Amino acid sequence: MRDGISIARLGIPAVALVTEEFWPQGDFVANSLGMPEVPRIQLPHPVAGTGDSNLARVAQDVVAEIIERLAA
Amino acid sequence: MSAYLEAADEMSALEHLHELGCTDGLPIIVPTPDRVARMVLASGLEADMVLGIMGPGNGTATVEKVAVAAVMAGCLADSMPLVVAAIKAVMEPEFDLTEMQATTHCTAPLIIVNGPARHTCGPISSGFGALGPGHRGNATVGRALRLCMINIGGGRPGSSDMALLGHPGKFTYCLAEDEEGSPFPPLHVDRGFQADDSVVTVIGAEAPHSVIHSANADDPQDHEKLLQSLAVGVANMATNNAILTGGSVVVVLNPEHATVLSNSNMNRETVANRLFELTHHAKRDRLGGMIGGAANDGDYACFTEPGQIVILMAGGSGLYSMVMPSWCAGAHNNSAVSVMVDTDQFCEIPGLE
């Protein structure tokens, strides 16, 4: 989330990917850094260690929205 | 000046602070304006003096807010210079407090106190059970830091402090070095301070892990066997130190173990050098899932340099030393930070407990 905010502050389109379990922390960081509306997309939790095929499924589910948000 | 809450009585105030998430889950001393004002007065500093910004919530740590935490923690006014120094230390950029508060790792700031403040600002215990219950200075100074991390830094479990389990040192984690009983120069002297300086050294650390070694004066390799046991403790293959590598670690030698090493003409530097050597592992043995899988030949080092191995002497005499592996992450790889305790500003207040 911090990376997303730092990149957004540079004027570069950015979307933070945040898993469901870490969504409240993402909100906290976004609010504390003064960018509560910074773009972010929710992923299922966990993602790490769930295998290549699952990662591909997760990516497939969100890739269109990521592109859409980056292009907005 | 901070905003005030109102309550009908002390018990109502306590319950309200629990409900607001302003405590560590244990009862606190209600920080009434009078108590906080006296703690600020004892610090000798201005109430609105800004000590720094605490992450991840980016709260401004003023002397008054720190005094609120010190009151809540049950600190004696004498301890305020230590609390202020510990707060300054964790807000140094090298400490990476924001990242440390937010990580899923269990890390907690361990406060090590050296110099005269061990006696004048506590006392802070260094002997039997120094990391356990029964030592007011140790219990309250570490707790005050934690309450600052909660209420100024905004670190709360599950929403901004994402430690998967944490460890009991997140309530309080503070001890002094037993300088008088140590065969080595004090830790702060080896870190560049004068012997009569008072210094807090703060480092993010796991809970203490016990390391057993039964000394044998008839064994010429006794010191080496002790060092081998300590090396297993600080960087066994289940630790971040062995998997992520490049972070610091703490070794707390008990008096007997320190004597074993000093009797072999070792000092802090040569002990650290040998532990550095003993914490090289074969690459093919590296576990840890996220890193593992590469069956490369050769060795790798768990530490970047021996100075990352922070060695002090404390505890009662016996078989057990302690090691604290660390998180090894953040921009500065979990560095130790030492800050001088400013006791010159302390103002003794008659009748102030």
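The values are calculated or read from the model by the stated rules, or taken from the named source; none is laboratory data. Just so you know, these numbers come straight off a predicted model, no measurement behind them. A quick note on method: Cβ atoms are made from the backbone with ideal geometry, for glycine too, and the neighbour counts reach across all protein chains shown.
General remarks:
- Among residues of the range B:1-25, those that are modelled with pLDDT of 95 or more, surrounded by 12 or more Cβ atoms within 10 Å (Cβ to Cβ) and of a type in the set (A, V, I, L, M), counted: 4
- Candidates B:S182, B:S126, B:S160 - the one that is small (G, A, S), more than 13 Å from B:G204 (Cβ to Cβ) and within 14 Å of another protein chain (Cβ to nearest Cβ): B:S160
- Within the range B:72-83, tally of residues that are outside any loop (DSSP other than H, G, I, E, B) and either buried (at least 24 other Cβ atoms within 10 Å of the Cβ) or within 14 Å of chain A (Cβ to nearest Cβ) (or both): 7
- Of all residues in the range A:15-26 being in a strand (DSSP E or B) and within 17 Å of A:A72 (Cβ to Cβ), the one that is farthest from the other protein chains (Cβ to nearest Cβ): A:L17
- Looking across the range B:98-121, just one residue is more than 14 Å from chain A (Cβ to nearest Cβ), farther than 14 Å from B:D197 by Cα and hydroxyl-bearing (S, T, Y), and that is B:T107.
- Considering (1) more than 12 Å from every other protein chain (Cβ to nearest Cβ); (2) part of a helix (DSSP H, G or I); (3) exposed (fewer than 12 other Cβ atoms within 10 Å of the Cβ), the lone condition that A:I12 does not fulfil carries the number (2).
- Check on A:I67, more than 12 Å from every other protein chain (Cβ to nearest Cβ), exposed (fewer than 13 other Cβ atoms within 10 Å of the Cβ), over 21 Å from B:T98 (Cα atoms) and of a type outside the set (S, T, Y): yes
- Single unsatisfied condition, B:G115 versus (1) on the phi > 0 side of the Ramachandran plot; (2) surrounded by fewer than 24 Cβ atoms within 10 Å (Cβ to Cβ): (2)
- For the range B:44-59, the candidate set comprises residues that are within 12 Å of chain A (Cβ to nearest Cβ) and out of contact with any helix residue (DSSP H, G or I) (no Cβ under 6 Å at 6 or more places or on another chain); within that set, the residue that is surrounded by the fewest Cβ atoms within 10 Å (Cβ to Cβ) is B:I53.
- Of the numbered criteria (1) under 20 Å from B:N138 (Cα atoms); (2) more than 24 Å from the chain's Cα centre (by Cα), the one B:E10 fails is (1).
- Criterion violated by A:R40 - all others in (1) among the charged types (D, E, K, R); (2) touching a helix residue (DSSP H, G or I) at 6+ places or on another chain (Cβ under 9 Å); (3) within 12 Å of chain B (Cβ to nearest Cβ) satisfied: (3)
- Tally, over the range B:183-235, of residues that are more than 21 Å from B:S248 (Cβ to Cβ) and assigned to a helix (DSSP H, G or I): 4
- Applying the criterion of being surrounded by fewer than 24 Cβ atoms within 10 Å (Cβ to Cβ) and touching a strand residue (DSSP E or B) at 6+ places or on another chain (Cβ under 6 Å) to the residues of the range B:84-112, the residue that is farthest from B:A139 (Cα to Cα) is B:E94.
- The set of residues in the range B:129-157 being within 13 Å of another protein chain (Cβ to nearest Cβ) and free of Cβ contacts under 8 Å to residues at least 60 places away in the same chain consists of B:P157 alone.
- Checking each residue in the range B:220-261 for being in contact with a helix residue (DSSP H, G or I) (Cβ under 7 Å, 6 or more places away or on another chain) and surrounded by fewer than 18 Cβ atoms within 10 Å (Cβ to Cβ) picks out B:Q228, B:N236, B:M237.
- Residue in the range A:32-39 that is exposed (fewer than 13 other Cβ atoms within 10 Å of the Cβ) and of a type in the set (D, E, K, R) present: yes
- Matching helices (runs of 4 or more DSSP H) fully within the range B:240-315 where at least 3 residues are over 30 Å from B:G181 (Cβ atoms): B:240-243
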